[in-house]
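Enquirer: What follows is a structure written as structure tokens; I'll ask about it next.
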Amino acid sequence: MQRPLIIALDLDDAGKRRELLSHFDKETLFVKVGMELFYREGRQVIEELKDAGHQIFLDLKLHDIPNTVQRTMKELASLDIDIVNVHAAGGKKMMSAAREGLDQGTPVGKERPILIAVTQLTSTDEGTMQKELLIQQPLNEVVRTYASFAKESGVDGVVCSAKEVPLIHDACGSSFYTVCPGIRRAEDAVGDQKRVVTPHEARELGSWGIVVGRSITSAENPFNVYQQMKQDWEG
Ligand code: C5P
């Protein structure tokens with residue numbers, strides 16, 4: 001799989017989603033379907049996007065007991081998605097169960113979806129992690145250790161800030177997937193993201209994939225911005 005620029009389809013309704021995608025004409029994309037969209041439109045939206053030729057990162061961030069996660073992943077593997085994820089905070093047993101569920105549910109002759117784990121949400125800073133989650137280690141150490149646990153559990157990579165990619169590669173090797181949100185062009189509004197980088201910087205840091213939401217979805221001409229960012233990403 002080529003290193004993807006993934007567009008986050010964080011839009012309020014099916015009309016806005018279709019309107020956004022209409023700007024891309026016949027271009028096949030890699031899109032991220034998040035909780036809002038999946039809970040609203042379910043399997044049907046996945047089928048619609050697949051029929052249009054798009055690849056899909058289903059961003060549901062599962063976190064539950066191992067048995068439930070395994071059964072859910074088995075179910076999701078039948079959807080023909082390309083990437084799916086869990087929270088590393090669910091622990092090694094849960095992550096192994098996720099992998100097992102995907103292995104069981106992937107139809108014969110199809111490729112298993114890539115499984116990635118969220119280490120710490122980019123909205124969680126060190127203060128919150130220590131005071132509210134009662135995790136006392138430095139954030140970087142937590143990210144590094146959770147990534148190692150993910151790898152040991154059969155997970156293929158992590159969602160992380162591009163700035164964390166070097167330490168993750170150091171801990172897990174450079175073929176461990178790193179999918180990075182928090183991407184902006186230099187001229188874009190940062191919004192609620194705390195630490196942003198440009199597509200070019202993400203590439204320089206070694207990110208495997210980037211996730212771009214508002215820079216593209218809120219643009220007057222989404223296709224132009226997409227092309228600009230893709231060029232910056234691919235170099
Ligand atoms: O609009 P923006 O480019 O900030 O969107 C980033 C996307 O990546 C959103 O869908 C957000 O939920 C997701 N994401 C993130 N940070 C994480 C995991 C996912 O921003 N740690």
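Enquirer: I'd like to check which strands (runs of 3 or more DSSP E) are fully inside the range 142-235 and have at least 2 residues that are open to solvent by less than 10 Å² (accessible area, probe 1.4 Å), farther than 12 Å from Leu5 by Cα and of a type outside the set (Lys, Arg). Before the answer, list the steps.
Expert: Numbers: elements: 157-159, 177-180, 209-212.
Fully inside the range 142-235 and qualifying: 157-159.
Enquirer: How many residues does the range 102-141 contain that are surrounded by 15 or more Cβ atoms within 10 Å (Cβ to Cβ) and among the hydroxyl-bearing types (Ser, Thr, Tyr)?
Expert: Of the residues in the range 102-141, 4 are surrounded by 15 or more Cβ atoms within 10 Å (Cβ to Cβ) and among the hydroxyl-bearing types (Ser, Thr, Tyr).
Enquirer: So which residues in the range 72-91 are assigned to a helix (DSSP H, G or I) and either among the aromatic types (Phe, Trp, Tyr) or buried (at least 16 other Cβ atoms within 10 Å of the Cβ) (or both)?
Expert: To start, the set of residues in the range 72-91 that are assigned to a helix (DSSP H, G or I) comprises 72-77, 88-90.
Within the range 72-91, Thr72, Met73, Lys74, Leu76, Ala77, Ala88, Ala89, Gly90 meet the criteria.
Enquirer: Also, I was wondering about something else. Is it fair to say Ala150 is small (Gly, Ala, Ser), within 21 Å of Phe57 (Cβ to Cβ) and touching a Phe, Trp or Tyr at 6+ places or on another chain (Cβ under 9 Å)?
Expert: Considered against the rule, which asks whether it is small (Gly, Ala, Ser), within 21 Å of Phe57 (Cβ to Cβ) and touching a Phe, Trp or Tyr at 6+ places or on another chain (Cβ under 9 Å), Ala150 comes out as yes.
Enquirer: On the given criteria, is Glu27 part of a helix (DSSP H, G or I), under 23 Å from Pro4 (Cα atoms) and modelled with pLDDT under 95?
Expert: No, not satisfied.
Enquirer: Would you check if Lys32 is part of a helix (DSSP H, G or I), at pLDDT 95 or above and surrounded by 12 or more Cβ atoms within 10 Å (Cβ to Cβ)?
Expert: No.
The values are calculated or read from the model by the stated rules, or taken from the named source; none is laboratory data. Since this is a predicted model, take the numbers as computed values, not measurements. Cβ coordinates were reconstructed from backbone atoms using ideal geometry, including for glycine residues, and neighbour counts include every protein chain displayed. Surface accessibility is based on the protein's heavy atoms, side chains included, excluding ligands, DNA and RNA. Shrake-Rupley method; radii C 1.70, N 1.55, O 1.52, S 1.80 Å.
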